[in-house]
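**Q** Here it is, the structure, as structure tokens.
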Amino acid sequence: MRRTTRRSIAVAPLAEEDVRSSVTSFSTKFSLPTFVKRVGKLTDDQISLIKKTGFGNLLLLPNHIVSKTLLVELMDRWDQEKLGFELGSGTMSITLMDVALILGLPVVGDPVILKDDEPFSELEMEFAASSKRKISISSLESRLDSLDKTCNEDFVRTFLLYTMGVLLFPNSSGNVDSRYLSFLQELDDVCDIAWGAAVLEDILVWLKKRKETGTQSMGGCLIFLQVWSYEHIDIARPNLLDTEMTFPRVCRWQISKSHQKQWFANKFTELEDHQVVWELEPTPEEQTQIIVRDLLRIQNGDYELLPEQQSYVPNTPEAEVLIDSREELEMESPNMEELQASTSSSESDDHQKHPTLILASDESHMKSPNADKNVAAAIENLSGTTMASERDEQQSVDMGNQEDPGSNSKLMQEEVWRRSSRSLREENTKLKEEIAALRETVIPVLQEENATLRERVTVIPVLEEEIARLKDQVESLIREDQMHRFLAEEFDYRMSAILLEDDEEDKPQI
């Protein structure tokens with residue numbers, strides 16, 4: 001994994017030292033104990049229904065205690081320009097592999113995009129969503145209580161929406177966005193959505209907000225951020241649990257010990273490179289997990305994503321961040337209007353709104369302020385091309401098109417689609433050839449075996465009739481044999497009697 005040396009931090013709405021000194025703690029609606037308590041009330045049948053949606057790994061979460069002092073020190077080191085944490089001598093970002101290994105949520109699939117112009121759905125009315133597309137967590141808790149042990153689609157939708165509001169996408173208002181219900185219409189398709197990528201995008205939004213505005217509230221899946229620190233940084237790292245459960249990794253850590261803020265500040269200041277795990281490597285056991293295996297196949301270039309599956313590489317300049325938290329950010333501070341600005345306003349804003357480098361490749365964990373080079377690196381990884389000559393050629397093209405970076409990015413994205421289309425066509429041709437070969441070799445054999453089986457099936461009734469006839473004959477012969485034996489014995493008896501009478505007559509008279 002490449003690491004970059006520290007660089008000067010870009011000017012933010014608040015100076016970094018001002019933000020760091022003003023935010024010593026934070027409030028949050030994230031509540032792992034509430035979620036764990038709710039999971040404890042589920043029946044086995046309800047758990048089976050949740051597992052079918054791809055959220056089953058979340059039901060294994062232990063009741064960790066969120067360490068705000070640890071998270072404050074970690075978040076203070078967030079560099080919005082590089083989109084990573086400044087640790088030791090380098091900068092490290094959060095990756096999709098981190099999410100897959102720690103939470104066990106799918107990171108490959110259909111994207112989670114909340115659209116402002118999405119019509120109000122029947123499900124939203126059924127859940128009594130407000131005109132601002134909000135549903136209170138308390139109403140979802142009451143709904144779950146009333147459903148009790150019920151096992152139906154209403155229960156699944158209610159529990160998943162509750163999970164999003166309490167665990168995955170909590171905000172500062174205690175409400176959950178009702179537009180998530182649009183992804184719960186067809187429950188059979190829920191497991192095909194990249195929920196893990198959406199969790200990561202939501203965390204990035206909150207990290208940016210905290211860095212730039214110094215907000216006293218924090219949303220996002222904080223337990224993920226805390227376990228991410230355990231996995232990557234040897235500071236306040238607890239012991240591993242003595243258990244065979246190793247996936248997801250959030251389940252393998254003991255509860256951490258509490259420390260004072262100054263203790264964490266000193267430890268992070270004194271942090272050395274050997275205390276940092278710059279990249280998480282999945283174990284052989286983890287590589288057998290479908291979630292991890294799908295991500296590895298993409299990173300290794302085994303297959304390309306279809307355009308509708310580009311959950312972390314937007315294909316149009318109009319594509320907004322995966323989690324649209326703008327309404328919540330407006331409630332907190334007017335300075336967050338920058339999050340709503342058009343992606344074409346500046347090259348750096350486009351890069352921050354579309355953090356393709358964080359989510360697209362292991363090669364891009366260390367971020368550069370040059371957005372064009374970063375986009376080129378991400379596209380190079382997605383297409384499976386790692387040759388240095390092509391990378392140099394792409395960087396040369398970037399330098400020649402700095403006057404129009406938006407057009408350059410669009411051309412590069414079109415090249416990705418062309419490569420993807422060509423790769424899919426070639427794969428489709430190979431599959432057709434394999435199918436044709438199978439038809440020529442396997443199908444005749446199967447047809448011959450089928451004919452043989454049919455013949456055997458038609459013979460069976462005849463054999464059964466013959467066996468029944470033979471059984472009748474055997475029984476008849478047995479009866480005849482018994483009769484013959486009886487007659488023979490009677491004949492023998494009579495002959496013996498006659499012989500005895502003859503002997504008596506032949507004796508002389510005295």
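The values are calculated or read from the model by the stated rules, or taken from the named source; none is laboratory data. Note that this is a predicted model, so its numbers are computed, not measured. Cβ coordinates were reconstructed from backbone atoms using ideal geometry, including for glycine residues, and neighbour counts include every protein chain displayed.
**Q** Within the set of pairs 6 or more residues apart or between chains, which connect a residue that is of a type outside the set (Lys, Arg) inside segment 419-430 to a residue that is surrounded by 12 or more Cβ atoms within 10 Å (Cβ to Cβ) with Cβ atoms less than 6 Å apart?
**A** Ser420/Glu304; Ser423/Glu304
**Q** Also, quick follow-up: Could you tell me whether segment 165-179 includes any residue that is aliphatic (A, V, I, L, M), more than 20 Å from Val39 (Cα to Cα), crowded, with 24+ Cβ neighbours inside 10 Å and touching a helix residue (DSSP H, G or I) at 6+ places or on another chain (Cβ under 7 Å)?
**A** no
**Q** Just need a number here: residues in segment 289-303 that are assigned to a helix (DSSP H, G or I) and loosely packed, with under 14 Cβ neighbours inside 10 Å.
**A** Within segment 289-303, residues that are assigned to a helix (DSSP H, G or I) and loosely packed, with under 14 Cβ neighbours inside 10 Å number 2.
**Q** Just a yes or no: is a residue in segment 184-194 modelled with pLDDT of 95 or more, in contact with a Gly (Cβ under 6 Å, 6 or more places away or on another chain) and crowded, with 24+ Cβ neighbours inside 10 Å?
**A** Within segment 184-194 (the criterion being modelled with pLDDT of 95 or more, in contact with a Gly (Cβ under 6 Å, 6 or more places away or on another chain) and crowded, with 24+ Cβ neighbours inside 10 Å), the answer is yes, since at least one residue qualifies.
Rundown of residues vs (1) in a loop (DSSP other than H, G, I, E, B); (2) surrounded by 14 or more Cβ atoms within 10 Å (Cβ to Cβ); (3) at pLDDT below 95, yes/no style:
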site	(1), (2), (3)
Leu14	yes, yes, yes
Arg20	no, yes, yes
Pro33	no, no, yes
Leu42	yes, yes, no
Ile50	no, yes, no
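**Q** List pairs: first in segment 131-147 and under 14 Å from Leu160 (Cα atoms), second part of a loop (DSSP other than H, G, I, E, B) and among the aromatic types (Phe, Trp, Tyr), Cβ under 9 Å, 6+ apart or cross-chain?
**A** Ile135/Phe127; Ser139/Phe127; Leu140/Phe127; Arg143/Phe127
Conditions tested, residue by residue: (1) touching a residue at least 60 places away in the same chain (Cβ under 8 Å); (2) crowded, with 17+ Cβ neighbours inside 10 Å.
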| residue | (1), (2) |
| --- | --- |
| Cys251 | yes, yes |
| Ile255 | yes, no |
| Phe264 | yes, yes |
| Phe268 | yes, yes |
| Thr283 | no, no |
| Gln287 | no, no |
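**Q** So, in segment 210-258, of the ones that are among the polar types (S, T, N, Q) and in contact with a Phe, Trp or Tyr (Cβ under 7 Å, 6 or more places away or on another chain), which residue ends up farthest from Asp177 (Cα to Cα)?
**A** Gln216
**Q** Just to be sure before I move on: is Val176 closer than 23 Å to Leu101 by Cα and under 26 Å from the mean Cα position of the chain (by Cα) in the structure I sent?
**A** Criteria not met by Val176.
**Q** Do we find that Phe85 is within 18 Å of Val190 (Cβ to Cβ), buried (at least 21 other Cβ atoms within 10 Å of the Cβ) and modelled with pLDDT of 95 or more in this structure?
**A** No: the conditions fail for Phe85.
**Q** Okay, moving on. Going through segment 419-461 one residue at a time, which ones are modelled with pLDDT under 80 and surrounded by 11 or more Cβ atoms within 10 Å (Cβ to Cβ)?
**A** Arg419, Ser420, Ser421, Arg422, Ser423
**Q** Taking segment 220-240 as the search range and keeping residues that are assigned to a loop (DSSP other than H, G, I, E, B) and touching a residue at least 24 places away in the same chain (Cβ under 8 Å), which one is surrounded by the fewest Cβ atoms within 10 Å (Cβ to Cβ)?
**A** Going through the qualifying residues, I end up with Asp234.
**Q** Restricting to segment 127-144, name every residue that is outside any loop (DSSP other than H, G, I, E, B), under 21 Å from Thr53 (Cα atoms) and out of contact with any helix residue (DSSP H, G or I) (no Cβ under 6 Å at 6 or more places or on another chain).
**A** Glu141
**Q** Let me ask another. Which of the numbered conditions does Ser142 fail, given that it passes all the others? Conditions: (1) over 23 Å from Ala197 (Cβ atoms); (2) at pLDDT below 95; (3) surrounded by fewer than 19 Cβ atoms within 10 Å (Cβ to Cβ).
**A** Of everything listed in (1) over 23 Å from Ala197 (Cβ atoms); (2) at pLDDT below 95; (3) surrounded by fewer than 19 Cβ atoms within 10 Å (Cβ to Cβ), Ser142 misses just condition (2).
**Q** Of the residues that make up segment 55-78, is at least one in a loop (DSSP other than H, G, I, E, B), modelled with pLDDT of 95 or more and buried (at least 19 other Cβ atoms within 10 Å of the Cβ)?
**A** Checking segment 55-78: at least one residue is in a loop (DSSP other than H, G, I, E, B), modelled with pLDDT of 95 or more and buried (at least 19 other Cβ atoms within 10 Å of the Cβ).
**Q** Do we have Asp202 as of a type in the set (D, E, K, R), modelled with pLDDT of 95 or more, surrounded by 21 or more Cβ atoms within 10 Å (Cβ to Cβ) and within 25 Å of Arg143 (Cα to Cα) here?
**A** no
**Q** Ok, one more. What residue, of Ala497, Ala468, Ala488, is modelled with pLDDT of 85 or more and on the phi < 0 side of the Ramachandran plot?
**A** Ala468
**Q** Okay, moving on. Could you tell me which of the residues Asp116, Asp98 is at negative phi and surrounded by 23 or more Cβ atoms within 10 Å (Cβ to Cβ)?
**A** Asp98
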